[in-house]
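A short write-up of the structure that comes next.
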Amino acid sequence: MLLLRISFLIIFLFEGNFCKAQSLDPVAAFPLEFGEKAMVHVKNICAFGERGDGTEAAKKTVDYIGNEFTKAGLEIEKDTFSYSAFEAKKIALAIDGKKIIAKQIILNPYKGNIRYKGSFLFFYPDSSLSRQMMQNMRGKIIVTKDPADYYSLSNRSPWVIIVLDKPDFDRVVRSKIPAGSHEINFNFSGKIRILQSVNVVGILKPTQPDSGEIILSAHWDSYNSAGADDNASGVATLIELARYFSLHKTELKTTLKFVSFGAEEKGTIGAVAYVDHHRNELKNCKLMFNIDGVSGLRDIYVDLTGKVENISPEKGVIREKLYFRNMALRGKPGNWFWIEEYPMASDVPKWLWLDVIDVCNAFNTKINQVSGIGSDHQAFALAGIPCTSITIDNGIETHTSADTPEKVHPEGMWIAGRIVAGVVAKIAKSEIAK
Ligand SMILES: [Zn+2]
């Protein structure tokens, strides 16, 4: 045991000191204590509580990230932006005269308050007839349960989708009321608030920067939970990457920007606002690497297979009409969610795919190559900026009270940190324009 400890200590000291001394090569050597250091940030940030805009927790988190970036020797900028958010004041639901609390309500609250009494349609997600049931949903109220696919149902333009917990749904369905005679009484009203949020930007400028920049990012807000995995783990990894790269500032050829977006949970609003505010610099953005939920030790997902699809012809400008630009698409109370067609894009050029694969092979790390990870990089893909995102599953349901620091694995942040560092170092050290 003593021998093991001494040998580990030697590796630890050698690695650490060597890391500092050694040139920027995350594949050759990456700080062992990275994960533990990141874990300190996870605990500190989660201790502030749920991070929704307008809360004390949000303010403390933004200050915390800014201070950590400053401590790492970065210049910081705080990009504020505002957006509309619907706040429900009255939600009342009864089916066949019995009051029920919905698990989730899918609708567009910005269309106005709802007072409705009348018929509705059931949708049985696990029935072989589900495809037929989706035929005439336009303008109707749909009552369903999980695992209904809200997105494909929303494509049928129903008025409202009400998702019940399974026991409630089964009880209503099994009641003696003849099919077609069920009645719903649904009231949903509230008001639109204007919320302020912030993108915290840490800038690491090399001594002789070229004209380009690389963005590393992780959103700081959380929804319905302390957000340990989603996304304190990403923010913690981002802060430790800022510290790591600032140790190697002299070897960088490109400016690195560490951006912690606000309002991701409300529909990547912070990322869209960032693109809108920084379109000139983004013309020279070589890469955006997003980190969202990396506290696990299970499957690693990297957004890699979408190739280059549906991107803006003008780099740095989102041409697509975004229904959620500056409007929150989810909120509480009522756990409502507004779904319309989200313009999916992908900007993974061959060189980026190759760089990520190379680095993961060098680490002997198996990844799942996927496309369409729902996070902030989507706004950058729409703007024609090469980008990807990493997630490491930890098996807990995000946006629930289960997402706590106890479930966070420091090793997950270490694995994600070195993959991101490996890819970024490849590009940030090279003179070659991509
Ligand atoms: Zn997230």
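General remarks:
- Mean-square fluctuations from a GNM of the chain, with a 10 angstrom spring cutoff on Cα atoms, peak among Leu322, Leu74, Leu252 at Leu322.
- The range 86-190 - share of DSSP beta bridges that are antiparallel (%, nearest 5): 70
- Each of the peptides 260-271, 337-348 was scored by the mean count of other Cβ atoms within 10 Å over its residues; in descending order, highest first, they stand as 260-271, 337-348.
- Loop-located trypsin sites (Lys or Arg not before Pro) in the range 348-423 whose Cβ has at most 16 other Cβ within 10 Å (DSSP): Lys366
- Cα gyration tensor shape for the chain, rounded if a/c is under 1.5, else prolate or oblate: prolate
- At full extension, Asn44 and Thr404 could sit 128.4 nm farther apart than now, given 0.36 nm per residue minus the alpha carbon distance.
- Mean Kyte hydropathy of 1.0 or more with a Cα span along the axis of at least 20 Å, helices from DSSP in the chain: 2-21, 410-428
- Measuring nothing but protein heavy atoms, the accessible surface of the chain at 1.4 Å probe radius is 53 percent carbon and sulfur.
- Structure remark: mean-square fluctuation, Gaussian network model of the chain, C-alpha springs under 10 Å; the largest value among Phe69, Phe289, Phe48 belongs to Phe48.
- Computed helical MRE - 222 nm, the chain, DSSP H runs ≥ 4 contributing -39500 (n - 2.57), nearest 500: -9000 deg cm²/dmol
- Net charge dipole, the chain: roughly 1300 debye, given to the nearest 20, about the Cα centre with Cβ charges of +1 for Lys and Arg and -1 for Asp and Glu.
- When the Cα positions of Ile239, Ile184, Val420 are compared along the charge dipole of the chain, Ile184 comes out farthest toward the positive end, with charges on each C-beta of Lys, Arg, Asp and Glu.
- If a spin label sat at a point 7 angstrom from the Cα of Ile357 along the line to its beta carbon, the backbone N atoms of the range 400-431 nearer than 19 Å would be those of 419-420, 422-424, 426-427.
- Taken along the Cα-to-beta-carbon direction at a fixed 7 Å, the label points for Asn310 and Gln208 span 4.3 nm.
- Most positive-pole-ward Cα, Leu153, Ala28, Ala94, against dipole of the range 26-162 from beta carbon charges: Ala94
- Residue-normalised accessible area of the range 86-190, expressed per residue, 1.4 Å probe, Å²: 56
- Antiparallel content of DSSP bridges confined to the range 207-361, in %, to 5: 30
- Full extension of the chain between Asp96 and Gln132 yields a length gain of 10.5 nm, computed as 0.36 nm times the residue separation minus the alpha carbon distance.
- Here the chain carries DSSP beta bridges of which approximately 60% are antiparallel, counting only pairs with both residues inside.
- Cross-link check: pairs Lys60/Lys266; Lys257/Lys332; Lys37/Lys266; Lys205/Lys286; Lys59/Lys266; Lys98/Lys191 evaluated at a Cα-Cα cut-off of 23 Å; pairs beyond the cut-off: Lys257/Lys332; Lys37/Lys266; Lys98/Lys191.
- Using the Cβ-Cβ distance between Val317 and Thr80 with R0 set to 25 Å, the FRET efficiency works out to roughly 0.75.
The values are calculated or read from the model by the stated rules, or taken from the named source; none is laboratory data. Keep in mind the model is a prediction, meaning the values are calculated, not measured. Note that we place each Cβ from the backbone using ideal geometry, even for glycine, and neighbour counts take in every protein chain shown. Only protein heavy atoms, including side chains, enter the accessible area calculation; ligands, DNA and RNA are left aside. Shrake-Rupley method; radii C 1.70, N 1.55, O 1.52, S 1.80 Å.
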